[in-house]
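Undergrad: Questions regarding the structure given below will be posed in turn.
The values are calculated or read from the model by the stated rules, or taken from the named source; none is laboratory data. What you see is a predicted model, and the numbers here were worked out from it, not measured in a lab. A quick note on method: Cβ atoms are made from the backbone with ideal geometry, for glycine too, and the neighbour counts reach across all protein chains shown.
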Amino acid sequence: MRADFVAAVESVLVGDPRGLFLSGDLGFNAFEGLAARLGSRFINAGVAEQSMIGLAAGFAITGMRPWVYSIAPFVTYRCLEQIRNDVCLHHLPVRIVGNGGGYSYGVMGPSHHALEDLAVLKVLPNLQLFFPCASDQVAAAVGLLAGLDAPCYLRLAVSAYDTPRVALSEHPRTLTRSYALRADPGKPGVTVIGAGHAVQIALRALREHGLDRENADVFGIARFPIDLAQDSGLLASVRETQNVVFIEEHYAAGGMGESMKFALPPLSDFSLMSASYHPEQRYGSAQFHMKQAELTPEALVALVRTKLGSS
Amino acid sequence: MTDCMEPAALARAALAIRRKFLDMHYHARSGHLGSGLSAIEILTYLYSGWLRETDEFILSKGHGASALYATLHHFGKLSDAELATYYQDGTLLPAHPAPRAIRAIPVATGSLGHGLPIAAGMAHSYKYLRQTDARVACLLSDGECNEGSTWEAALFASHHSLDNLTVLVDANGIQGFGRTNDVLRLEPFAQKWQAFGFHVSECSGHDFAQLHAAIGPPGNGRPRCIIARTVKGRGVSFMEDTVDWHYWPMSAAQYDQAIAELDQSESELSR
């Protein structure tokens, strides 16, 4: 998603003299062109995330609209209080971009994984979260962020199960995508909802593991707060199936699944597939971690079949 | 002195602000007296003319808010009615500055180490992006210089030659639970700021002539740091240089004594 982000943010910033870009000393082989185009509006703030968020708040107070970029765990946990006090409490248009949501950074190790970022950020006042489902959604998300006069967070990620697939529809404001529809709405079905790039697990399952033969609707959500009043298709699907599998590359506690369950009408059958570490945790690629957490296409299909009694 | 006031007038202003400050704290039964009293001359100097309409002031030591409120009130930037709400339910003037509350205070603070990064961002924006001649002043406590984020921002300000940024440190030598020399030694403090690339001056933070000389004209390619040596609780003998008065509110007898001491100072001033 990073290349798509760079292209999108460059086109926004070139046309917005009030925009500027702060990087926490990241961008090798990615931001060189952006830096050249922006000149003095591209600032490497150094390896200093707390200061970088405060600086961004200062820029915003003077009327600028800063984007702030680093690896997701670094630009969230280290500087959480700066995000809360300096940005959110002041309702400033600071756009925080974290690369490497979930297990994206794989064998770089747990310092680089972001499995709690949405949890710690979703509780902050005035902050809006964006977590694109796929690379081809990043430009739309960047466009929405750019138009908001509010604090926001953009979670970029690479799925270990990345599976290009054209969405059937995408809501222009919530960005919620429909990827597949039940073959027979008259029969028992299931609504599969992926949070951001976790929907790629379902897309892989559709293409290679037989999810397409189950009676499943597949949606990807990409924005918090969840707004089901706008996402009428998703809400209708859940009302009809009364049966949900929610997938997220994030811990269950505080994740989007929890928020979705709270937003939906009471359901008897809401299953959650989420990230985890184990007491005997070992480290490896993103896919290695997802297999350990049973966050895989195979596990999804098995769960769907169990829920539908079709196994 | 400043553009509009002479030393004697500044001293009278500081005395009036101290009086209002004590009055506010007595009626609110609020603490943080010591850290407000140490900053009053610094705030008086800045607001009596150093800060122009286009300039910004960031109170990074948010626990000095009541001294700032009293100063803003003295210089007509807060009304009697607004100030009367200090510390009361429904106020926009809590013990530490609130966000988006009053125009004269652009930034909420209270957690230490936040003000200088914000001030540096504003100064960079004014100098390089908005290209105005606006200046930014930021008042830190010395205890606040324990915070790593303060030094992150110092690196940034120096690297970007933010000579429109003036850092003032209210160096009263006492922090939350002890003397700075005992908790986390800052000395050699001036050399630290110098090593970070600042133009550094030291002065008494209660002497207007010294403050004036130390702040001086805008720095030449470098941010400035003025280490203002102050006395915590300055102006009220029994509050001076103690940790206790970081916390206690005043009793009626203590308030009466404090006011009597200010009366004495005032009569000495008019001699």
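Undergrad: Take the conditions touching a residue at least 60 places away in the same chain (Cβ under 8 Å) and crowded, with 19+ Cβ neighbours inside 10 Å and apply them to A:A7. Does it pass? Before the answer, list the steps.
TA: Values: touching a residue at least 60 places away in the same chain (Cβ under 8 Å): yes; crowded, with 19+ Cβ neighbours inside 10 Å: no.
No; evaluated as a whole, the condition is false for this residue.
Undergrad: Here are the criteria: (1) more than 9 Å from chain B (Cβ to nearest Cβ); (2) farther than 30 Å from A:A160 by Cβ. Tell me which single one A:R95 does not satisfy.
TA: Unmet for A:R95, out of (1) more than 9 Å from chain B (Cβ to nearest Cβ); (2) farther than 30 Å from A:A160 by Cβ: (2).
Undergrad: Also, quick follow-up: Scanning region B:115-157 for residues that are surrounded by 21 or more Cβ atoms within 10 Å (Cβ to Cβ) and without any contact (Cβ under 8 Å) to a residue 12 or more places away in the chain, which turns out nearest to the other protein chains (Cβ to nearest Cβ)?
TA: Ranking the qualifying residues of region B:115-157, first place goes to B:G121.
Undergrad: Looking at B:S204, is it more than 22 Å from B:G49 (Cα to Cα) and either at pLDDT 95 or above or basic (K, R) (or both)?
TA: Values: more than 22 Å from B:G49 (Cα to Cα): no; either at pLDDT 95 or above or basic (K, R) (or both): yes.
For B:S204, the condition - more than 22 Å from B:G49 (Cα to Cα) and either at pLDDT 95 or above or basic (K, R) (or both) - is not met.
Undergrad: Considering region A:214-258 alone, what residues qualify as being within 21 Å of A:S268 (Cβ to Cβ) and in a helix (DSSP H, G or I)?
TA: Passing the criteria: A:L234, A:L235, A:A236, A:S237, A:V238, A:R239, A:E240, A:T241, A:M256, A:G257, A:E258.
Undergrad: If you take the residues of region B:163-183 that are in a strand (DSSP E or B) and among the hydrophobic types (A, V, I, L, M, F, W, C), which of them is nearest to the other protein chains (Cβ to nearest Cβ)? Steps first, please.
TA: Going through region B:163-183, the residues in a strand (DSSP E or B) turn out to be B:165-171, B:174-175, B:178-179.
If we keep only those that are among the hydrophobic types (A, V, I, L, M, F, W, C) too, we end up with B:165, B:167-169, B:171, B:174.
Numbers: B:L165: 10, B:V167: 14, B:L168: 17, B:V169: 18, B:A171: 22, B:I174: 24 Å.
Per the criteria, the residue is B:L165.
Undergrad: Being within 14 Å of chain A (Cβ to nearest Cβ) and either in contact with a helix residue (DSSP H, G or I) (Cβ under 8 Å, 6 or more places away or on another chain) or on the phi > 0 side of the Ramachandran plot (or both) is true for just one of B:H206, B:H160. Which residue is that? Let's see the steps before the verdict.
TA: Numbers: B:H206 fails: within 14 Å of chain A (Cβ to nearest Cβ).
Just one listed residue meets the conditions, B:H160.
Undergrad: Restricting to helices (runs of 4 or more DSSP H) lying wholly in region B:1-114: which have 2 or more residues that are without any contact (Cβ under 8 Å) to a residue 40 or more places away in the chain and within 18 Å of the chain's Cα centre (by Cα)?
TA: B:65-74
Undergrad: A further question follows. Name the residues in region A:217-250 that are out of contact with any strand residue (DSSP E or B) (no Cβ under 6 Å at 6 or more places or on another chain), under 30 Å from A:P110 (Cα atoms) and of a type outside the set (A, V, I, L, M, F, W, C), would you?
TA: Of everything in region A:217-250, just one residue is out of contact with any strand residue (DSSP E or B) (no Cβ under 6 Å at 6 or more places or on another chain), under 30 Å from A:P110 (Cα atoms) and of a type outside the set (A, V, I, L, M, F, W, C), namely A:P225.
Undergrad: While we're here: Inspect region B:94-109 for any residue being of a type in the set (G, A, S), crowded, with 18+ Cβ neighbours inside 10 Å, more than 24 Å from B:F198 (Cα to Cα) and facing chain A (nearest Cβ under 8 Å) and give the result as yes or no.
TA: Checked region B:94-109: at least one residue is of a type in the set (G, A, S), crowded, with 18+ Cβ neighbours inside 10 Å, more than 24 Å from B:F198 (Cα to Cα) and facing chain A (nearest Cβ under 8 Å).
Undergrad: Of the residues that make up region B:184-201, is at least one part of a loop (DSSP other than H, G, I, E, B), under 24 Å from A:V47 (Cβ atoms) and in contact with a His (Cβ under 9 Å, 6 or more places away or on another chain)? Even if it seems obvious, please write down each step before you answer.
TA: Residues of region B:184-201 part of a loop (DSSP other than H, G, I, E, B): B:184-188, B:196-198.
Adding the requirement that they be under 24 Å from A:V47 (Cβ atoms) leaves B:184, B:186, B:196-198.
Those left that are additionally in contact with a His (Cβ under 9 Å, 6 or more places away or on another chain): B:197.
There is at least one residue in region B:184-201 that is part of a loop (DSSP other than H, G, I, E, B), under 24 Å from A:V47 (Cβ atoms) and in contact with a His (Cβ under 9 Å, 6 or more places away or on another chain).
Undergrad: Further question: Tell me which residues, restricted to region A:63-77, are within 18 Å of A:L115 (Cα to Cα) and at the interface with another protein chain (Cβ under 10 Å from one of its Cβ atoms).
TA: Selection gives nothing.
Undergrad: Hey, among B:K20, B:K61, B:K77, which residue is farther than 22 Å from B:M250 by Cα, basic (K, R) and in contact with a helix residue (DSSP H, G or I) (Cβ under 9 Å, 6 or more places away or on another chain)?
TA: Details: B:K20 fails: farther than 22 Å from B:M250 by Cα; B:K61 fails: farther than 22 Å from B:M250 by Cα.
Of the residues listed, the single one that is farther than 22 Å from B:M250 by Cα, basic (K, R) and in contact with a helix residue (DSSP H, G or I) (Cβ under 9 Å, 6 or more places away or on another chain) is B:K77.
Undergrad: Okay, next question. Which count do you get for residues in region A:185-210 that are buried (at least 24 other Cβ atoms within 10 Å of the Cβ), outside any strand (DSSP E or B) and in contact with a helix residue (DSSP H, G or I) (Cβ under 7 Å, 6 or more places away or on another chain)?
TA: Here the count works out to 3.
Undergrad: Also, quick follow-up: Report, by residue number, each residue of region A:27-62 that is within 18 Å of A:G101 (Cβ to Cβ) and within 14 Å of another protein chain (Cβ to nearest Cβ).
TA: Within region A:27-62, the subset within 18 Å of A:G101 (Cβ to Cβ) is A:27, A:30, A:49.
Passing the criteria: only A:E49.
Undergrad: Somewhere in region A:165-184, is a residue in a strand (DSSP E or B), within 21 Å of A:T306 (Cα to Cα) and either of a type in the set (S, T, N, Q) or touching a strand residue (DSSP E or B) at 6+ places or on another chain (Cβ under 8 Å) (or both)?
TA: Yes, region A:165-184 contains a residue that is in a strand (DSSP E or B), within 21 Å of A:T306 (Cα to Cα) and either of a type in the set (S, T, N, Q) or touching a strand residue (DSSP E or B) at 6+ places or on another chain (Cβ under 8 Å) (or both).
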